[in-house]
Amino acid sequence: MRALLLGPWLRAARGLPRAPGSGHRHRGHGGHRPQGPLRKVSVEVLDHLEHLALVDFRDAEGVERLQKAIQFADQLHEVNTNGVEPMDSVLEDRCLYLREDDVTEGNCTKELLENAREKVEEYFVAPPGNIPLPKLEERETFLQGSQ
Amino acid sequence: SQSSSLCKTTPSTAKSPRKIVFVGLEIHAQISSNSKLFSGSQVQFAAPPNSLVSFFDASLPGTLPVLNRRCVEAAVMTGLALNCSINKKSLFDRKHYFYADLPAGYQITQQRVPIAVNGSLSYSLCIDNKMSQMVTKTVRIKQIQLEQDSGKSLHDDTRSQTLVDLNRAGVGLMEVVMEPDMCCGEEAAAAVRELQLILQTLGSSQAVMAEGQLRVDANVSVHHPGEPYGVRTEVKNINSMRFLAKAIDYEIQRQIEELENGGTILNETRAFDSKLGCTVPMRDKEGQQDYRFMPEPNLPPLILYDAKSLPANMNHQQVINIDWIHERLPDLPSVKRKKLVEQYGILPEHSFTLLNEDGLAEFFESVVKQTQMKPKKVIGWILKDLLSYLKQHSLTVKESPVSSFLLADLLNLLEKKEISSTAAKQVLAELWKGEGKTPLEIVKEQKLELLQDQKELEQICQAVIDGHENEVMAIKAGNPKVLNKLIGLVQKKTQGRSNPVLVKQLLEKKLSG
C-alpha cells in the first residue's frame with residue numbers, strides 16, 4: 001500500500017491561480033485549500049453530460065452545484081504527479097482471485113423477475129431500443145434558456 | 001518469411017481512378033467454458049429465458065465480479081496460437097453505455113492493457129476460384145481482450161416493447177482485433193475461417209456462427225492513392241460466413257460509388273440486411289459514442305506467470321503459467337496441413353479441403369490405413385466422390401452411410417484389379433443406400449467383376465475391330481483418338497467389365513499388325 005504524502009507535493013504546486021480573497025472554506029476534512037475560480041460549463045457540455053449519464057440538471061441551482069463540484073475536484077491539479085504511476089484503486093496490488101470453472105449459480109428466474117415492473121413470460125420488458133433524448137432545441141428543460 | 005499483404009487496388013477504369021481498400025475486423029468469440037466470465041451461472045445456448053442468470057449477471061446491488069480461470073487460459077491459448085505477446089499484467093475496465101440488455105450500464109472489458117497484443121494470422125486463398133493455385137496472406141492481430149457478452153433483446157414492434165433475456169449476459173468473450181490488412185470480402189472470409197479452425201482446434205471457442213459463438217464486425221474504408229485515408233464505416237449484424245464476404249464487398253462498392261458521385265462517407269455504423277443484400281445505417285448508433293472508460297475498481301490487475309517468474313509459495317490453482325500452456329498447445333491447422341502433405345504426398349489444396357470439413361482428415365487417414373491403394377489415389381475418392389455425395393445430401397462426415405472401412409474395402413477391390421473404376425463408382429452409389437451390403441456382395445449381385453479371361457476379351461476386341469472398318473481406317477490413317485470409340489464399344493459389349501487400359505493395349509496390338 002502506498003503512503004501518499006501530500007504536503008511536499010502541494011507546496012510545489014503547478015501554477016493554478018489563486019483567486020484573491022477566496023479565502024479558506026471548511027468543508028468537513030477537505031477544505032483547507034484555497035479554491036480556484038468558479039468555472040462556467042457550456043450548454044453543449046451540459047447537454048452532452050445529460051445524454052451520457054441520463055441526468056437532468058433541471059435548474060440553475062443544479063448547474064451551479066455541478067460547477068462547484070468541478071471546482072472542488074480541480075484541486076487535484078495542485079498535486080505534482082510528474083513521474084508517478086496513476087493508481088487505479090487501493091486494492092490494485094492485491095492478488096486477483098481466480099475461480100474454478102464450475103456452475104454454482106443461476107436457476108433463480110422467479111426471484112429475479114420479482115423485481116421487474118413488467119414481464120412477459122419470464123422475459124424482462126423494456127421500452128424499444130434506446131429512446132433518444134430529444135434534441136436540445138426541442139426540450140423543455142432549464143438548459144434551453146441558459147447561457 | 002512473412003509479408004503483410006498490401007491491399008490490392010481496385011482496377012482503374014476510364015471513369016474512375018484506382019482506389020485503395022482497407023478492411024479490418026473485430027471478431028467476438030464466445031469462450032467455451034462451463035460458467036461465465038465473472039459469475040458461476042451456466043453457459044448454454046437455448047435455455048428457458050433468464051434461467052442461467054445469477055444476481056451479479058442481473059446487476060443487483062452488492063454483487064461483485066469473480067474471474068473464471070478457464071476463461072483466462074482460453075485467452076492465453078488463443079494469444080499464443082496467434083503469435084501474440086502475452087501481457088503478464090493486464091487490466092480490466094468499464095465501458096459505459098445504456099441498453100436494455102446491459103443491466104449494469106457498463107461492460108467489463110480490457111481497454112487499456114489487454115491480455116495479448118501484436119500477433120499475426122496466416123490464411124490462404126484460391127486464385128481465380130480454382131483450387132489449383134493457392135496464395136498465402138498474413139493479417140496482423142492488434143490485440144485480444146477478455147470481455148463480457150451482453151444479454152439478448154427481442155424486439156416486439158407490435159407492442160412497442162423489447163423483451164430481455166439475460167442468459168447470455170456475462171458470458172466470456174475474446175475480442176480479436178485484426179488490422180486493416182485485408183482488401184476484400186474474400187480475404188476477410190478466409191481469415192475468419194482460419195481463425196475459426198484455430199479456435200476449434202484449441203477448444204477455446206466452438207466458434208459456431210449460427211449459434212452466435214463467433215460474431216464479426218467489419219471496418220471498411222476506401223481512398224485514392226496519394227490522398228489521405230478515407231472515412232471508416234463499421235458493418236455489423238453479419239450472421240454467417242456466407243454473408244461476411246457479401247456484406248464487405250457491398251460496403252466497398254457502396255463507398256466507391258458514393259465517392260465517384262462526389263458524395264462523402266459518414267463515420268457511421270451500418271447493419272447488413274441479408275434479405276436485401278445491402279448495408280443500412282443503424283438507428284441507435286448515431287454520432288460518436290463516448291464510453292467514459294474507467295478502471296474496474298473491483299478487480300486488481302491480472303498477473304500471469306511463466307517458468308522463470310513462477311512464484312514459489314503460491315496455491316497452484318491461483319497461478320497461470322504461460323509456458324505450461326504453450327507446451328500443451330495442440331497442432332494448429334497449418335501444421336496439420338503440412339503434415340498431411342508431407343506424410344501422404346497430397347497437394348496443399350487437398351489438405352485445405354480435408355481440414356475444412358469436420359472429420360474428413362480423420363476419415364481419409366483411416367481409409368489410407370486400411371487399403372493398399374496409394375494415398376495420392378485415395379484422396380481423389382475422398383474429395384471427389386465421398387465429399388460431393390455428402391454435400392449433395394447435406395450430411396456431415398460423421399453421418400456418412402459409407403464408413404471408412406467400407407470405402408477401404410471397395411478401394412482394395414479396385415486396387416487388386418478385380419473391378420474397373422467405373423464399376424467401383426457403381427458400387428459406391430449402391431453403398432450410399434446404406435443397406436448393409438459389403439462391396440464384394442454388390443459386385444457379385446450386379447456382376448461387375450472384371451473379365452479375367454484374356455481370350456474372351458481378345459475375341460470381343462476382334463469382333464469390334466471387324467465390325468467397324470471405317471474407324472479402323474481412320475486410326476491407321478493417323479487419327480489415334482478414334483481408338484477411344486472402339487474402347488468404348490468393347491466396354492459396352494462387356495457391360496463395363498473390361499479393364500480399359502488392357503482393352504487399349506489389345507486393340508493397339510491388333511491394329512498394328
Straight-distance crosslink candidates among lysines, where the alpha carbon sits under 29 Å from B:Lys89 and sequence neighbours closer than 8 are dropped: B:Lys36, B:Lys142, B:Lys308
Cα-Cα separations in the protein assembly as shown greater than 39 Å, expressed as whole percent: 53 percent
For residues of A:87-97, the mean tally of beta carbons on other chains within 10 Å: 5
In degrees, nearest ten, helix B:360-370 long axis to first principal axis of chain B (Cα): 40 degrees
Qualifying trypsin sites (Lys or Arg not before Pro) in the stretch B:417-447, DSSP loop, other Cβ atoms within 10 Å at most 14: B:Lys417, B:Lys433, B:Lys447
Compactness of the stretch B:240-343, expressed as Rg and Dmax over alpha-carbon positions, Å: 24.1, 68
Value of Rg/Rh across the stretch B:403-454 [Cα atoms, Kirkwood radius]: 0.95
D_trans [Stokes-Einstein, Kirkwood Rh over alpha-carbon pairs] for chain B, 20 °C, 1.002 mPa s, µm² s⁻¹: 78 µm²/s
Burial order of peptide ranges B:492-502, B:258-268, A:50-60 (average beta-carbon count within 10 Å, highest first): B:492-502, A:50-60, B:258-268
Inter-chain Cβ neighbour average for residues B:49-58, partner chain, 10 Å: 6
Charge dipole of the protein assembly as shown about the Cα centre (unit charges at C-beta), most positive-ward option of B:Ala477, B:Ile248, B:Phe22: B:Ala477
Folded to 0 to 90 degrees: helix B:421-432 orientation relative to chain B principal axis, Cα: 50 degrees
Prolate/oblate/rounded call for the stretch B:256-411, Cα gyration tensor, a/c under 1.5 rounded: oblate
Chain B: relative contact order in percent, alpha carbon pairs under 8 Å with at least 6 residues between: 13 percent
Separation of the B:Lys447 and A:Glu64 label points, Cα + 7 Å toward Cβ, nm: 11.1 nm
Qualifying lysines (Cα of each under 19 Å from Cα of B:Lys509; at least 8 residues distant if same chain): B:Lys455, B:Lys476, B:Lys481, B:Lys485
A:Glu121 versus B:Asn261: modelled label distance in nm, points set 7 Å from Cα along the beta carbon direction: 4.2 nm
Segment B:Ser122-B:Ser59, length gained on full extension (0.36 nm per residue, minus Cα span): 18.6 nm
Dipole moment magnitude, nearest 20 debye, chain B about Cα centre, only Lys, Arg, Asp, Glu C-beta charged: 1120 debye
Pairs from B:Lys88/B:Lys152; B:Lys152/B:Lys246; B:Lys376/B:Lys398; B:Lys338/B:Lys425 whose Cα-Cα separation, in the structure shown, is over 28 Å: B:Lys88/B:Lys152; B:Lys338/B:Lys425
Neighbour net charge for B:Glu327 - beta-carbon separation under 15 angstrom, K R +1, D E -1: -2
Gyration tensor verdict on the stretch B:97-168 (Cα atoms; rounded if a/c is under 1.5, prolate if a/b is larger than b/c, oblate otherwise): oblate
The stretch B:50-89 and the stretch A:51-108: distance between their alpha carbon centers, rounded to Å: 22 Å
Rounded, prolate or oblate (a/c below 1.5 giving rounded, otherwise prolate when a/b exceeds b/c) for the stretch B:221-300 by Cα gyration tensor: oblate
Acute angle (nearest 10 degrees) that the helix B:69-81 long axis makes with the longest principal axis of chain B, alpha-carbon atoms: 60 degrees
Fewest-first sequence of B:Ser388, B:Ser33 by Cβ atoms within 10 Å of each Cβ: B:Ser388, B:Ser33
Taking B:Ser85, B:Ser124, B:Ser41 and counting other C-beta atoms within 10 Å, the order from fewest to most: B:Ser85, B:Ser124, B:Ser41
Selection of GluC sites (Glu not before Pro), the stretch B:391-474, meeting DSSP coil and at most 10 other Cβ within 10 Å: B:Glu435
Cα-projected label distance for A:Leu76 with B:His316, points at 7 Å along beta-carbon direction, nm: 4.4 nm
Selection of trypsin sites (Lys or Arg not before Pro), the stretch B:88-159, meeting DSSP coil and at most 11 other Cβ within 10 Å: B:Lys130, B:Arg159
The stretch B:364-427 and the stretch B:202-240: distance between their alpha carbon centers, rounded to Å: 39 Å
CD proxy at 222 nm, helix term only [per DSSP H run n ≥ 4: -39500 (n - 2.57); per residue of chain B; nearest 500]: -10500 deg cm²/dmol
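Every read-out reported here was derived from the displayed coordinates using simple, explicitly stated rules and does not represent laboratory data. Computed from a prediction, not measured in an experiment: that's the story for all the values here. Because the Cβ atoms are built from the backbone with ideal geometry, glycine has one as well, and the counts that use them run over all protein chains shown.
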